Structure formats: structure tokens, C-alpha cells
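Working notes for the structure below.
Read the figures in this text as sums done on the coordinates, not as results from a lab. This one's a predicted model, so the numbers in the text were calculated from it and none came from an experiment. No Cβ is skipped: glycine too gets one built from the backbone with ideal geometry, and neighbour counts run over all protein chains shown.
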């Protein structure tokens, strides 16, 4: 098994940040801040796990590695945009959150594409 170490490390840090944001939302944030931080953490954490899985994928595939980076980056961008809105009162970051969402969607589509049989495998 080939491990993409940088992706695994980034995914692990991303997951840790998601847990920290979720914990702060649960224990130290006001109601409006809590909702935004919780939403960000709810998207960030599973995409950190997706990135971790992609970084440890048994058969190294460029598409899977790209999908992992897109998942990790998308989750982080989305969560940080919502955090900036909540904690820094920067409503303009609402325009950045969809970029994170598009990155996450692209990651899932690439994973699905990578799972399709190749011409050589189906012949």
C-alpha cells in the first residue's frame, strides 16, 4: 500500500480542526455562532475522513489523490468561511463557502469516476 503522507497529515489536521470547531460550538459559542460552526464541522469532518481514506487508498491512483485533496480543501474552505462569518462578522465570506462546496462535490464525483471500470478491465 502506498501512502500519500502529505494528504494523510493534512487530513488528520483537518479532522482535528473540525473536532475543535465542533467542541467550541457545543460548549463556548452563542446560538447564532453555534449553528454556523456546527454546520462547518459537520461538513469538514467527514471530508477529512474521505481525504484520509484517499491518502491510504491501496492502489495509488492520481484521480483518487486529487479527490482526496479536493475533499480536504473543500471541507476546510467551507468550514473556515462559515467560521469567519460567525466569529469575525464577515458576511462576505458567504460568497466563499460555495467554493468549498463545489470542491467537495468534485471530490465525490472523482471518486465515483475512479470506481468505474476501465476499458482494459472490462474487456
Relative contact order (%) - the range 5-113, alpha-carbon pairs under 8 angstrom, separation at least six: 28
Inter-part distance where the range 37-108 and the range 6-27 are each reduced to a Cα centre, Å: 11
Highest average packing first - 57-69, 41-53, Cβ atoms within 10 Å: 41-53, 57-69
Listed candidates (1) 14.1, 49; (2) 13.9, 42; (3) 16.0, 59 - label of the one calculated as Rg and Dmax of the Cα atoms in Å: (3)
Sites residue 118 and residue 5, calculated FRET efficiency, Cβ-Cβ separation with R0 25 Å, nearest 0.05: 0.40
